[in-house]
Structure formats: structure tokens, C-alpha cells
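Student: What follows is a structure written as C-alpha cells; I'll ask about it next.
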Amino acid sequence: MVKYKAFKIGGKSGLFDIATGRDVIISTTEVGNIPLISHQHENNGITKYVKRIPNRRLFNYKKTIALADRGVFYATTQCEDFHIGTRVKALIFKQGEMSEKTRLFFVSAINKLQVLFKDYLTNATDKLPNLEIMLPINSDEEIDYKYMENYISELEEERISELTAYLKVSGLENYHLTISEKNILEQFKAKNINFSKYKIDDLFDIHPTKSYGLTNNKLFTTKGQTPVVVNSSVNNGIGGYVNLPATEKGNMITFSDTTTDNAIFYQPNDFIGYSHVQGLYPKHNLVWSEKALLYFLTLFKKCAKGRFDYATKFNRTIAAQMEVELPIKNGKIDFEFMENFINIQHKLAIKSVVDWRDKEIDISKKVINN
């Protein structure tokens, strides 16, 4: 039976030295190959790749865990040295470098504390040094790093087996591009696709989603299958599932006007709306498929990226005036191209997953043989 013990994150007796990030004006930083970690869940916390920022500390990824501790609470482990921005802490192991698997175990333990910081009004800044995480210990009451390594290795093997079975059953192992798809990709790379700018207000009517107007205590009393989309930047914006009829149809893009641009999502299923959650409703009887909306979603997010914070709110008036470039054919929006392009990206993503799986299996075989 594995024993666990509570360990403080910071302070004299804690596991980490804690460094605080500073404001970085993202729009003025030069593009490079150093990850800049911000207060977000997406993209492993990476908001941009930048050149070395003068007079800013570059953190050794093997010695450091990045932690967004204000607005969101989210720890990440990186695979290369990185900079941090405001609302981010660098947790530096006092014992020096740690293996990737050990860092992953620590990140998992830290992220269990997310239940203490569920909303944007509760932050961990002052509490962080005294927060405790549970870690496995050996017979000497010391952290059992060997157990942590083995545990993560077993999880990886289990997930690889599940992934292999899923890819086979779902038919996703067929990730090879067709001749037609290759031609589309080549045309796109050669910039042979015609595009036109559209204001979002020209395409969608933006207004609040329908809610029940209940307090959270009443709304989330029941447990069911209907998702409630709330003002959250995680879990696709879903705050829980209840036993009430949906108020909105799926196949819709939503965003929160109380937070940042991190809360823009595609909702595939019927859902219940929420105060300050805006919906994009198609105009001109245009029929947007799931893949066309996913294409548009990427442009919408890119347009909003880095422009808003908790002082400058992202609202529907601003969103309506944003412009996106969409592919056109014969003077009309080319929905077929958007759908094909998403199909291509889907296959390329699957290929990268399959390549990773094959690489991990090969490594595991070599370890077993040795």
C-alpha cells in the first residue's frame, strides 16, 4: 500500500522556490523559439514563441514548473526553457533537475488544487507558499521518486494501448491524405485560394444565450446529461450537466463577455445558456456545418487573441466589428473548402498522434529488451 504525505509548495520547508512573472506586451515581442507562458489552459499555457526577452529570466524547464495562479489555476511542464508573463509563477525545484515523468507527477498533484480556485475572483497568489500537495513516500518518509516514475510509465503504456484500440475501432488509423486533399493543401500553401474579409456582424447575430435565470445552487441541484455553458475558459465552457431541457441548439459558437478571449468555444450538442454567455447565430440563412464553424472558430480566436484582459472586457459589440478572412468561390463563401481543410488538419493531427504512439511503443520495446 503506497503511503502519501502532505508537502508545502513554498516557504523555507517547501519543495519550490517561487518566482513571479512580470508584464509582457505580447504584441511588441519579437517572434522566436522561446515559449512565453501566460495565464491560460490552452496550448499548454504557451501564448506565443518569442526571442529572448532582455532583463527577463529564462527558466530551465527541467528545474521548473509553470503555474498560472490568478484568473486560472493551472500548472504545466514544458519541454524547453521558457519565459513567464504576469499572473504566472515559476515553481523551481529546490532539489534541482527532475525527469519529465517526475515533473508530470508533480503537475498532476498541483492541479488537484484547482478545486480551491474555481472562479476568476479567487486567486492563489498569497496562499501559494502554504498550499500543500500530496506525494507518495518511501519507508524513510521521503518522496518516492521511483514510484512516481513507474506510475507515470504505467499510465503511458495503458493510454497507448487504449489509443491503439480506439484508432482501430473508429477507423482513424486511415490518416493518409487523398490526391484531392493533397492538391487542396498545395493550393493553400501556394496561396492560390481566394479570400475575402467579412465582419463577424455580417455573418452572425450575436446575443446572449437563453438561460433559466436560476442561481447556481438551484441550477446545478440536479444531475443529468444536459451541459450548462458558463463563464469558464476550461472544459469547453461547460460548468456541469443537469437534468433540465436544453435552451439552445448545438452546432453553435459561444463566448463569455466577462472574461478573456480564452472562453471562445464550439458547442456540438444542445445546451443550457448562462448569464453573459453570448451565442453566434447565423444570418442570411447560411448553413454552417460543424467543420465550417471549426474553421471560423480558429479565425475568431486568432482575431481576439491577446487583446483582452480583466480590465478590457471582450463583449459582443467588439466581437461584431472584428474581421475574418474566409475562402470564396464565385463570389460566395466557399464552405466546401473550409470543410475539406478541416478534414485535412484532422488527418494530419491523427498522423502526429500515430507517429508519437509508434515512437513510444518502439522505445518501450527497446527498454524491455534491455
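The values are calculated or read from the model by the stated rules, or taken from the named source; none is laboratory data. Everything quoted here is computed from the prediction, not taken from an experiment. Note that we place each Cβ from the backbone using ideal geometry, even for glycine, and neighbour counts take in every protein chain shown. Surface areas here come from the heavy atoms of the whole protein model, side chains and all, with no ligands, DNA or RNA. Shrake-Rupley method; radii C 1.70, N 1.55, O 1.52, S 1.80 Å.
Student: Quick one: what do you get for the stretch 246-291 if you divide its Cα Rg by 2.2 N^0.38 Å?
Tutor: Dividing the Cα Rg of the stretch 246-291 by 2.2 N^0.38 Å gives 1.16.
Student: I've got another one for you. Would you please put 123-130, 34-41 in order of how densely packed they are, using the mean number of other Cβ atoms within 10 angstrom per residue and starting with the highest?
Tutor: 34-41, 123-130
Student: On to the next question. Using the eigenvalues of the Cα gyration tensor, what equivalent ellipsoid semi-axes result for the chain when each is taken as the square root of five times the eigenvalue, whole Å, largest first?
Tutor: 37, 27, 23
Student: Still on this structure, I have one more. With a 1.4 Å probe and every protein chain kept in, tell me what percent of the accessible surface of the chain is carbon plus sulfur.
Tutor: Looking at the chain in its full context, I get 50 percent from C and S.
Student: Let me ask something additional. Kindly work out what percent of the DSSP beta bridges joining two residues of the chain are antiparallel, to the nearest 5.
Tutor: 95 percent
Student: Using +1 at the Cβ of each Lys and Arg and -1 at the Cβ of each Asp and Glu in the chain, identify which of Leu58, Gln114, Ala165 lies farthest towards the dipole's positive end.
Tutor: Leu58
Student: Whose amide H sits under 5 Å from the amide H of Asp205, counting only residues 5 or more places off or on another chain, with H placed in the peptide plane?
Tutor: Tyr281, Lys283
Student: Please report, in debye to the nearest 20, how large the charge dipole of the stretch 1-123 is about its Cα centre when each Lys and Arg carries +1 at its beta carbon and each Asp and Glu carries -1 there.
Tutor: Computed about the Cα centre, the dipole is about 460 debye.
Student: Helix-derived [θ] at 222 nm for the chain: sum -39500 (n - 2.57) over DSSP H runs of at least 4, divide by residue count, nearest 500?
Tutor: Computed ellipticity for the chain at 222 nm equals -10000 deg cm²/dmol.
Student: What dipole magnitude, in Debye to the nearest 20, does the stretch 157-211 give about its Cα centre under +1 on Lys/Arg Cβ and -1 on Asp/Glu Cβ?
Tutor: So the dipole magnitude of the stretch 157-211 works out to roughly 300 debye.
Student: Long-range amide H contacts for Lys48: which residues qualify at under 5 Å (H placed 1.01 Å from N, peptide plane, sequence gap of 5 or more or a different chain)?
Tutor: Leu36
Student: Quick one: pull the percentage of alpha-carbon pairs in the stretch 1-97 with a separation above 21 Å.
Tutor: Of all Cα-Cα distances in the stretch 1-97, 32 percent exceed 21 Å.
Student: Please compute the contact order of the stretch 253-357 in relative form: average sequence separation of alpha-carbon pairs under 8 Å and at least six residues apart, divided by the residue count, as a percent.
Tutor: 31 percent
Student: On to the next question. What's the FRET efficiency of Ser161 with Asn343 using the Cβ-Cβ distance as r and R₀ = 22 Å, to the nearest 0.05?
Tutor: 0.20
Student: Looking only at Ser233, Ser153, Ser352, which one moves most when the chain is put into a Gaussian network model with springs between Cα atoms under 10 Å?
Tutor: Ser352
Student: Going through the stretch 213-261, which trypsin sites (Lys or Arg not before Pro) have at most 16 other Cβ atoms within 10 Å and a DSSP loop state?
Tutor: Filter output for the stretch 213-261: Lys223, Lys249.
Student: Quick one: if you stick a label point 7 Å off each Cα along the C-beta vector at Ile318 and Lys8, how many nm between them?
Tutor: Between Ile318 and Lys8, the label points sit 4.0 nm apart.
Student: Only Lys, Arg, Asp and Glu count, each charged at its Cβ (+1, +1, -1, -1), so figure out the dipole size of the chain about its Cα centre, rounded to 20 debye.
Tutor: Taking the Cα centre of the chain as origin, the dipole is about 720 debye.
Student: From the residues Phe16, Gln345, Met148, which one has its Cα farthest along the dipole of the chain in the positive direction, the dipole being from +1 and -1 charges on Cβ of Lys/Arg and Asp/Glu about the Cα centre?
Tutor: Phe16
Student: Let me ask another. More than 15 Å apart: what percent of Cα pairs in the stretch 95-185 qualify?
Tutor: Of all Cα-Cα pairs in the stretch 95-185, 75 percent lie more than 15 Å apart.
Student: If you look at just the Cα atoms of the stretch 170-323, how large are its Rg and its Dmax in Å?
Tutor: 17.7, 55
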